[in-house]
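See structure below.
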Amino acid sequence: MMYLTIAVLCSVAVSVLLKILRQKKMDIRQTIVAGYPVAFLLTWLLLKPDVGAIHALDSAWGIIIALGILLPSVFIILGRAIEAVGMVATDASQRLSLIIPIIAAFLLFGEVLTGTRVLGLVLGFLALGALVYRPQQTDTPKQKKYTPLWLFGVWTGYGIIDILFKQVAKQGTAFPLTLFVSFGVAGLLLLVYLLVTRVRWQADALVAGLLLGALNMGNIYAYIRAHQMLSDSPSIVFTGMNVGVIAVATLIGVGAFKERLNRINLVGLLLAVCCVGVLFLA
């Protein structure tokens with residue numbers, strides 16, 4: 001349970017860090033690019049990828065490049081969503097991304113869609129709609145226009161990343177090596193982009209990246225270890241991670257950052273928890 005707790009706390013801490021950075025008007029892109037060398041190094045030290053097997057990535061490079069583009073892009077979208085609607089709704093949307101691989105499995109990979117899964121998908125979409133909802137009087141026209149887009153970006157981005165990792169795994173590529181190479185590609189592509197656009201570097205944003213990289217890798221490593229330690233009880237890990245993140249993010253968002261949740265948002269959080277439980281049972 002210790003690893004599961006660490007995974008939950010690291011995941012929420014990423015959102016907290018991004019929220020603080022947005023409040024301080026820092027360039028999150030620089031924080032993200034500085035975080036990848038840390039994540040790259042920690043992947044090497046903790047997961048020990050078999051670099052000698054890199055030749056086995058031949059058929060997976062397209063997927064890895066897609067991950068290299070999506071991983072930093074989703075982090076940027078995550079920061080924008082946190083700024084627009086807060087970390088409570090954003091983290092819940094991120095957890096609800098688990099319904100996208102289920103839809104893909106049905107539409108693209110020929111898996112049977114059971115009644116329980118249909119119920120889970122319906123609950124998930126209802127939860128997203130409730131989380132996005134904002135009364136007219138609380139948002140500026142600009143915020144109201146882009147709020148659904150940022151949450152939709154978080155939801156779809158993390159869902160697609162999950163599908164890509166699953167497809168790489170099916171091709172026989174070890175997860176540590178895939179993660180190792182994907183981090184390298186992501187960091188390199190984002191660095192090239194920032195250099196081409198001649199960004200004005202911010203020392204504080206770069207230093208924050210060291211923490212972001214450690215938290216991101218801490219979340220991944222602790223989640224993997226939790227699955228290994230509780231191999232006979234995957235339900236505890238799956239449900240504990242998703243519901244735990246939603247619960248802790250809600251406590252911190254409302255308690256520390258004074259985020260406001262209307263009644264429909266609260267219903268959305270409840271539906272999100274129900275969605276996680278139903279989809280696991282499916």
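The values are calculated or read from the model by the stated rules, or taken from the named source; none is laboratory data. All of these numbers come straight from a predicted model, not from anything done at the bench. A quick note on method: Cβ atoms are made from the backbone with ideal geometry, for glycine too, and the neighbour counts reach across all protein chains shown. SASA here: full protein model, heavy atoms, side chains in, ligands and nucleic acids out. Shrake-Rupley method; radii C 1.70, N 1.55, O 1.52, S 1.80 Å.
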* To do: Express the accessible area of region 205-249 per residue in Å², computed with a 1.4 Å probe while the remaining protein chains stay in the model.
  => 41 Å²
* **Carbon + sulfur, % of accessible area of the chain - ligands and nucleic acids excluded, 1.4 Å** => 69 percent
* Asked: Dividing the Cα convex hull volume of region 160-282 by residue count, how many Å³ per residue is that?
  -> 177 Å³
* To do: Compute the whole-percent fraction of alpha carbon pairs in region 194-245 spaced more than 14 Å apart.
  => 66 percent
* Can you pull the one-decimal nm distance between simple spin-label points at L149 and L210, each 7 Å off the Cα toward Cβ? => 3.6 nm
* **W44-E111 pseudo-label distance in nm [points 7 Å out on the Cα-to-Cβ vector]** => 3.5 nm
* **Listed residues D204, D162, D91, most fluctuating in the chain (Gaussian network, C-alpha, under 10 Å)** => D204
* Packing-based order for 26-37, 120-131, 51-62, using average beta carbon neighbours within 10 Å, highest first -> 26-37, 120-131, 51-62
* Quickly estimate the mean residue ellipticity at 222 nm for the chain, helices only: each DSSP H run with n ≥ 4 gives -39500 (n - 2.57), and the total goes over all residues, rounded to 500. => -26500 deg cm²/dmol
* Asked: Is region 1-151 best put as rounded, prolate or oblate by its Cα gyration tensor, with a ≥ b ≥ c the root eigenvalues, rounded for a/c under 1.5, and otherwise prolate when a/b is larger than b/c, oblate when not?
  -> oblate
* Asked: How far apart, in nm, are two points set 7 Å out from the Cα along the Cα-to-Cβ line at R22 and at F257?
  -> 0.6 nm
* Where nothing but the Cβ of Lys and Arg (+1) and of Asp and Glu (-1) is charged, how large is the charge dipole of the chain around its Cα centre, in debye to the nearest 20? -> 880 debye
* With springs only between Cα atoms under 10 Å, which of F109, F40, F165 fluctuates most in a Gaussian network model of the chain? -> F109
* Asked: Using a Gaussian network for the chain with springs between C-alpha atoms less than 10 Å apart, which of these wobbles most: R198, R95, R263?
  -> R198
* Relative contact order (%) - region 7-91, alpha-carbon pairs under 8 angstrom, separation at least six -> 54 percent
* Taking the alpha-carbon centroid of each part, what is the distance from region 48-87 to region 209-258 in angstrom? -> 18 Å
* Tell me, Kirkwood radius of the chain from alpha-carbon pair distances, in Å? -> 19.4 Å
